[in-house]
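Working notes for the structure below.
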């Protein structure tokens, strides 16, 4: 028993000694590796410093500074040269215009190269107390304008102005839809003029029309035939349903239009 105990103690002592030796050997190896790395790092540092010291010094070459070049300033022309000539002079068309037959009056109260505003008035050729009026605003393109309107009688019309450079005003207006019961309607195709028509001409025209109306009444065997003065109007020489040119114009303008009195061209 004693021998066995001694053997066990010796084995324990030997085992502890081996463990201590193994730990010491590991620590020694780690210290050796660390010392070796420090030595190599120091050698690399010394080699880098030696390489930097061996590089020769370079003297900087001065850079040439660019001299600013003066910029030419354009001299404005004394008289400006227009690039686009106006199509017409709007101020030449401001005011009142009369048709050649004296039945249409147009008052242009606002006009520019872009738009025109005017009043249109048409009187009945046989009864000057009957009239139809409209207030119109339309766009101007170049030296012309197109428009549509509905007058005070309810007639629907379309038309165009041409502003000539010489100062002449050409007007064409035509009714494409007559209002029920209307005896006066827009109808103008004329080179307008500034002078109002002479009253004698209109009175003579009315007198001749009255004589013609009176001569149309006659007595026959069947009885007396007469024409009502109130129903005898411009219908005698214009009928929208029978006027083929009116139908052609209607097709061109793609009527009917809307109910607005003022029309801006598209």
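The lone criterion from (1) over 28 Å from the mean Cα position of the chain (by Cα); (2) more than 18 Å from residue 97 (Cβ to Cβ); (3) crowded, with 21+ Cβ neighbours inside 10 Å left unmet by residue 186 is number (2). Would the stretch 147-156 turn up any residue that is modelled with pLDDT of 50 or more, surrounded by fewer than 19 Cβ atoms within 10 Å (Cβ to Cβ) and outside any strand (DSSP E or B)? Within the stretch 147-156 (the criterion being modelled with pLDDT of 50 or more, surrounded by fewer than 19 Cβ atoms within 10 Å (Cβ to Cβ) and outside any strand (DSSP E or B)), the answer is yes, since at least one residue qualifies. Every condition in (1) over 30 Å from residue 189 (Cα atoms); (2) modelled with pLDDT under 85 is met by residue 41 except one, and the failing one is (2). Based on this model, can you work out whether residue 166 counts as under 21 Å from residue 87 (Cβ atoms), in a loop (DSSP other than H, G, I, E, B), at pLDDT below 95 and more than 30 Å from the chain's Cα centre (by Cα)? Yes: the conditions hold for residue 166.
The values are calculated or read from the model by the stated rules, or taken from the named source; none is laboratory data. Just so it is clear, the structure is predicted and the values come from calculations on it, not from any experiment. Virtual Cβ from ideal backbone geometry, glycine too; neighbours counted across all protein chains shown.
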